[in-house]
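Each remark here refers to the structure printed beneath this line.
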Amino acid sequence: FLFLDDERMPKNVTWIDMPAQNWQIVRSYDEFVAFILKNGIPAFVSFDHDLAHEHYRKSMYNPDRHYNSYYTDGTFKEKTGFHCAQWLVQYCLDNGHKIPDYVAHTMNPIGRENIISMMEQGKRIQDSLK
């Protein structure tokens, strides 16, 4: 079971049901990719979206601290959990691996939607190839 988050530990994710497992923890896109290339596709992935301090810009939040935008203009230097999901889907499709079960534990609602959309799109493509 693979847990992607720049700061949290699996036990700190209390807002969704997390499987009680022995988690392998990765903190960045590069660690995520390296882990999978070395160890294979995990049975389950838990995704955070915002993986670097630059992903927490104050301008991304309304005065009430709710997330208001998702930067897609190329200003981020570090990749997000969405990029990890995107890489994972493509890797699975290219190499004939089943896309693993997952959850998006991120608190970023737009990031969560994007991760889920990417993973579900990959599963639909995989199902259509059967």
Amide H neighbours of residue 25 at under 5 Å, excluding residues fewer than 5 places away on the same chain, with H built from the backbone geometry, are 3
With N residues in segment 2-56, Rg(alpha-carbon) / (2.2 N^0.38 Å) equals 1.12
Expected field for residue 30, accessible surface area in Å² at 1.4 Å probe radius, rounded to 10, holds 110 Å²
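The values are calculated or read from the model by the stated rules, or taken from the named source; none is laboratory data. Everything numeric here is computed off the predicted structure, so don't read it as measured data. In case anyone asks, the SASA skips ligands and DNA or RNA and just uses the protein heavy atoms, side chains included. Shrake-Rupley method; radii C 1.70, N 1.55, O 1.52, S 1.80 Å.
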